[in-house]
Structures are given as structure tokens and as C-alpha cells.
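Please read the structure below before turning to the comments.
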Amino acid sequence: MIKGKIFLLETPVEEKNKARTVGPNETYPLGMAYLDTVLKKEGFEVRTIDFANWDDEKAMNKIEEIIVEFKPNIVGFSVMTMTRVSTYRAIKKIKEINKDIKIILGGMHPTMMYEQLLLNFPIEAVVIGEGEITTVELANALMQNKSLTKIRGIAYKNGPKVMVTPERDLIQDLDSLPFPNHEAFMNSKRIGVCILSTRGCPYQCSFCCLHEITRRRYRKRSVSNVIAEIEYILNRFPQIKEVEFSDDTLTLDEDRVIEFCKEVVKKRINHRIKFICSGRIKPCSYELLSWMAQAGFREIRFGIETGSRELLKNIHKNVTPEDIIETFKICAHFKDKIKFVKFLMVGFPGETWDTVNETIQLTNELHKHVPMDFFCATVLWVYPGTEIYNLMKSEGDIDDNYWLTDKPCPRYTKEYTESEQSKMADHIAFMGALNRGIPYLVQRVLRKIKENPRYELKRIVWNKFGIKQLMNLVKNKQDLNKSLKIENGI
């Protein structure tokens, strides 16, 4: 006999920041996948759906359909700052259908804003931080109408007051968790899955709020446990060709990654699938990349953010431009086997057109060693719980009431407007592609326009750093040669 029915979901990302193209191999929320498994193991019937990239109205209609058909006792939302507005809509809709359904929230945004959410929305509780053990205890208590006072790691309302229970210890033995339910996100066309082999990051970048959940404690699953999950996936879903590590920084422990790679090679797993991961600029050694190449890692993504020495220091990246260049010199030895991707951002406090140009200079230098195809630079989003958000609050540019509005996730606009920051980002992307040569740039522009005509025409062709700048460069051969840095006859 089942204990009860639970519907787990993530609602649509705000329209402004929704992915422009969505395919069958999009990443999925592993936190929900883990909750799905542990709740089923506890005896609950669970339905799990990720609506992140759905159209808002289609998602709301589907949510209503599931509430009516599935009749859940509990609905659990995984909430990001960029999904908070659609979450508010869904809560209202669910309570209109059945006011007795119990609603719980978890994820990054509720962990930061639990008091605001409890005071303004008809929800039973907020899970603060890591959710597996807490959610099971909370679901059992709600189904049995028991007191929530002894459940660690939650916030709930007692009359008009918000009560916060003692902090729950982080899960130290990650091997003790069952494998997440990948099947909840599987479809007939999917050939890629996500796995999580570590939790936490020991760093505290000024734009990140992960430390609020993981407390800067880096915890690792054993290599044998990770291999066992991959083998389970390959046996259960033989169509899978790619595994993406959702770790914040897989390569932090080089010895562990090398051990993993050796096991992959030994078991010949590398003959069946390829791997994708995020890595850190430091540490990064020749030996590490050599083993990753042998194990079938086809893509490693580095969060470089900026080429400005001063901004790198201010945002606490703990690397210098020289560190970044040195790592890409190592990467150059493996550029024919591994695709290396750089992630860039603009809009940090202190960002100027001079720091933008420093980023362009750095990326041009990196392209000497590893020619790359990914030129996108994003404008910094500001999340609650981050150092930059607290700076905005201290300057009077925002307050916590912002998160109750339907406005999109904000930018840091003390020094430059969002429009100006978008121009900075486009300039970095344009100059990065131009550095590969005019034929490459034209080819890329045409391809991007074909993929998304309306967006790319506005972004690339008609903004002041688009074709207009290219024509100016062509007219001035001296500036053109300085900008292109043509190599190898390109």
C-alpha cells in the first residue's frame, strides 16, 4: 500500500531567459531525480516532470491536468530564481483546484528566501539546503499530520510566525544515496544523460550562491559507485551515447578523475559513450587531460568569466590571466581529441569597456593555442544570497520585495544599463568570431541567422557591433590586421 502520491516539478524559466533552442538531450534537474528515487523507496507514488523550457500556458494546462488526474497529496516544487514567477502561478492554480493539497518548496531560491515565501504563499514548508533525507521526513510527517518541529533543515509557519528548525548535516556518504531516477526524464530520442559525482565547491565566487546549500564543503562519491551508475544507465538505456557530469567542478580532485578515467578505459566504457564536464583552470595538468582524452571526454567547459586581472580578483575566481593562458597551453596538446569551451560574463561591479577589451585580448590569446567555436558572453544575473546581490541592497538598488514581483532575474546596473551590458557581451562574441577570420565570421553569422532569424538579425546584423563594425574594419586594413591576428594562412 502506498503512503501517498507526490508530484515533483520544476516550472518554466522566465520567458526572457528561456533557452532559444531545446532538443531531446537537454540537461535535467538531478535534484528532482534523486528525490523521485528516495521517495519511491520510502513507499510513495511519485510523478516527476521538468517544465523548465515549456511554454508557460502549456505547462500550466499540463500541471492542471496532472493535478486532476493524478490527485497528489503533496506537490513539491524545485525552485530557481528564474522559475519563481511561474512557481507562484502554479501554486495558485493548484490551490484553486484543491486547497487541501500540501505544497513544499526546495532548491536554491527557497533556501535563500524561505521566510518571504512562507509569509506570502499558501505552502506548508520549505526544505533548506540538501533535500533527500529532509524531504522524506517531511512527506511522512505531512501525510500523518504530525508536528514538523523535529524535522531538521526546514522552515514552516506556526500561526503568523515563521519557524526555522536546526540545520541538517550535509550528506557525507554520497554512496549511501540510491541512483537518481533518470527514467523520469527519458524520451525515445534522448541519447545523453546527466550524473552527479560530487557535491559542493570550496570557493565562493561573488556571483554564486551555491555555498548557501553546500557550505563550501566538497564531497565525493567513490569512483566505483560512479562507474556502477554509468553501467546501470548503459544496461537500462542502451541508446545512451553521452554522459554529462553536472558537478560544479569535476576536475578539482585530479587524482580521483584520473582513477575514474583508468577504470573507464579498463572496462572499455569509453568505446560506448563520451563524456562532458565542467572543469577549473587550476588544477589542470597534462596527465589529467591525457587520461580524460583516453577515457572519452569530448568536451570540457571552463568558467573563465573575464580577462580582467582586477575583476578576476574582485569576483574571487582565484586565478589570473596567466593561469588561464597556461592551462590553455596544456589544452593545446589535446585540441584534436577534446573540445574546450570558455564561458564568459560581463556586467560585474567595476566592468568597463576597458575590462571588456581585456577579455577580448585574453580570448584572442587563448585562440592562438586552442581555436574555439563558442563565443557567447552572457550578462551577469544577480541572485539572492550572492555577494553582488548584497552589494546592490547596500547601495539601495534592490530589496527583497523584488522577488515578489513578476520582473525577470535582475542585472547589476549600477554602472551600466542592461542594454549597454548586452552590447558589451555582443562585442566580445563578435570579436571572438572575427579573430578566427572574416570567412569564418561570415559563415558563422549566416549559420546563426538560419538557426534563429529574428533573434540573430537583431543581435548580430543590426547592433552597432555587427556588420557595421565589420565594414569599418574592412575599409581600414591596418585596424583589420590588428583585430584578426591571422595565423596559419587563414
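The values are calculated or read from the model by the stated rules, or taken from the named source; none is laboratory data. Keep in mind the model is a prediction, meaning the values are calculated, not measured. All Cβ positions, even for glycine, are placed from backbone atoms using ideal geometry, and neighbour counts span all protein chains on display. Heads up: the accessible areas ignore ligands, DNA and RNA and are worked out on the full protein's heavy atoms, side chains in. Shrake-Rupley method; radii C 1.70, N 1.55, O 1.52, S 1.80 Å.
Residues that are open to solvent by 20 Å² or more (accessible area, probe 1.4 Å), at least 2 per element: which strands (runs of 3 or more DSSP E) completely within the stretch 92-168 meet that?
Result: 154-158, 161-164.
Out of I230, I281, I258, report the one residue that is free of Cβ contacts under 8 Å to residues at least 60 places away in the same chain, over 20 Å from F334 (Cβ atoms), out of contact with any Pro (no Cβ under 9 Å at 6 or more places or on another chain) and aliphatic (A, V, I, L, M).
I230
Could you give me the residue pairs with C-beta distances under 7 Å whose first residue belongs to the stretch 391-415 and is under 21 Å from V346 (Cβ atoms), whose second residue is among the acidic types (D, E) and in a loop (DSSP other than H, G, I, E, B) wherever it lies, and which are 6+ apart or on separate chains?
If the second residue must be among the acidic types (D, E) and in a loop (DSSP other than H, G, I, E, B), the pairs left are P408/E14; C409/E14; K414/E395; K414/D397; E415/E351.
Determine which member of the set L362, L344 is outside any loop (DSSP other than H, G, I, E, B), within 28 Å of K16 (Cα to Cα) and of a type outside the set (F, W, Y).
L344
Name the helices (runs of 4 or more DSSP H) wholly inside the stretch 280-337 in which the number of residues that are of a type in the set (K, R) is 1 or more.
309-314, 321-331
Give the residue that is farthest from Q294 (Cα to Cα), with candidates limited to residues of the stretch 335-354 that are out of contact with any Phe, Trp or Tyr (no Cβ under 8 Å at 6 or more places or on another chain) and surrounded by 19 or more Cβ atoms within 10 Å (Cβ to Cβ).
Selected residue: V346.
Residue check: is T386 polar (S, T, N, Q), closer than 24 Å to E305 by Cβ, open to solvent by 50 Å² or more (accessible area, probe 1.4 Å) and out of contact with any strand residue (DSSP E or B) (no Cβ under 6 Å at 6 or more places or on another chain)?
no
Within the stretch 403-453, work out how many residues are in a helix (DSSP H, G or I) and either in contact with a helix residue (DSSP H, G or I) (Cβ under 8 Å, 6 or more places away or on another chain) or among the hydrophobic types (A, V, I, L, M, F, W, C) (or both).
Residues flagged as in a helix (DSSP H, G or I) and either in contact with a helix residue (DSSP H, G or I) (Cβ under 8 Å, 6 or more places away or on another chain) or among the hydrophobic types (A, V, I, L, M, F, W, C) (or both) within the stretch 403-453 amount to 22.
Specify which of the listed residues (K393, K368, K407) is among the charged types (D, E, K, R), closer than 25 Å to R215 by Cα and open to solvent by 70 Å² or more (accessible area, probe 1.4 Å).
On inspection, the qualifying residue turns out to be K393.
Evaluate the following for I398: is it crowded, with 16+ Cβ neighbours inside 10 Å and either of a type in the set (F, W, Y) or under 19 Å from E310 (Cα atoms) (or both)?
No: the conditions fail for I398.
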